Amino acid sequence: MSTTHRTPDAPGDTAPPWLMIPWPGAAIALAAVAAMVTTSIVAWPEMSAEIVTRAADGRHGESVSSRAVTAVALPLALLGLTALLSVVPRLDHELLHRTPLGQERDPERARRVLSWTLGGLSIVLLVLHVGLVSQHTGDDFPLEQAVAGAVGVLLVCLGAALPLAAPGGRFDGRVERFRAALGPAYRAAAFVLVLGGVATVGAAVVSAQAAMVTAVTAVLLTFLVVAGLALGRLRSRHGEN
């Protein structure tokens with residue numbers, strides 16, 4: 001009687017389940033969808049049939065949105081995004097698990113990153129939906145400032161997720177040393193992005209333009225911190241060797 005011995009799965013070979021719902025971000029998304037739908041239902045009798053979302057100029061014609069599209073487009077988009085992000089960890093595995101980038105990756109870390117991201121995006125889409133509905137009803141809603149503030153909240157969420165988003169995988173030589181150096185760099189850059197998000201929310205009280213300049217500056221600084229710290233750490237290790 002022969003016995004077949006099964007070799008253990010290599011790191012990164014164990015497939016995550018197809019459905020990994022990014023809780024609690026998905027809960028925030030569902031609450032946002034409920035708020036969007038409620039807003040649409042309450043405002044529906046007062047909504048105009050159409051609004052102009054982009055005026056015509058020499059390069060394009062006028063763009064309009066009907067109240068039916070405005071009422072359902074963003075809630076459906078957020079539901080679709082939630083469903084898509086629920087299968088991203090498995091899709092990531094299917095695409096990358098045979099490559100060095102796919103080795104020793106943790107699907108749970110990916111799910112948590114997606115949860116933070118989805119939570120932040122839900123706030124942005126909810127504010128945008130309320131603003132578009134207010135354009136149909138004629139209510140005085142500071143759409144640009146509100147969206148800019150919501151972008152600041154999104155940056156805070158992304159900053160909270162940034163340490164978990166450090167690249168995984170297993171490479172050889174200098175590439176692996178650089179990948180390993182990115183972990184501490186991501187943790188340091190997370191503080192920059194969170195502070196930038198808070199500053200963006202504060203700037204939105206002044207003006208939408210100031211908030212967006214603050215947001216762009218925060219994102220650029222975050223990239224610079226990641227690159228600078230990772231390269232510095234790599235050079236110091238190379239010098240020690």
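The values are calculated or read from the model by the stated rules, or taken from the named source; none is laboratory data. It should be emphasised that the depicted structure is a prediction, and the values quoted were computed from it without experimental measurement. Neighbour counts run over all protein chains shown; Cβ positions are idealised from the backbone, glycine included. When the accessible area is computed, the model is the full protein with side chains, heavy atoms only, and any ligands, DNA or RNA have been set aside. Shrake-Rupley method; radii C 1.70, N 1.55, O 1.52, S 1.80 Å.
The residue pairs whose first member lies in the stretch 102-119 and is in contact (Cβ under 8 Å) with a residue 40 or more places away in the chain, whose second member is among the hydroxyl-bearing types (Ser, Thr, Tyr), and whose beta carbons are closer than 8 Å, counting only pairs six or more residues apart or on different chains, are Leu118/Thr82. Among the residues making up the stretch 153-181, those that are modelled with pLDDT under 80, open to solvent by less than 50 Å² (accessible area, probe 1.4 Å) and within 22 Å of His93 (Cβ to Cβ) are Pro167, Gly168, Gly169, Glu176, Arg179, Ala180. Within the stretch 186-208, is there a residue that is open to solvent by less than 50 Å² (accessible area, probe 1.4 Å) and outside any helix (DSSP H, G or I)? Yes, the conditions are met somewhere in the stretch 186-208.
For the stretch 112-135, the candidate set comprises residues that are out of contact with any Gly (no Cβ under 6 Å at 6 or more places or on another chain) and among the hydroxyl-bearing types (Ser, Thr, Tyr); within that set, the residue that is most open to solvent (accessible area, probe 1.4 Å) is Thr117.
Applying the criterion of being out of contact with any Lys or Arg (no Cβ under 7 Å at 6 or more places or on another chain) and in a loop (DSSP other than H, G, I, E, B) to the residues of the stretch 18-50, the residue that is farthest from Ile123 (Cα to Cα) is Leu19.
Residue-level check: of (1) open to solvent by 50 Å² or more (accessible area, probe 1.4 Å); (2) in contact with a helix residue (DSSP H, G or I) (Cβ under 7 Å, 6 or more places away or on another chain); (3) at pLDDT 95 or above, Val213 misses just (2).
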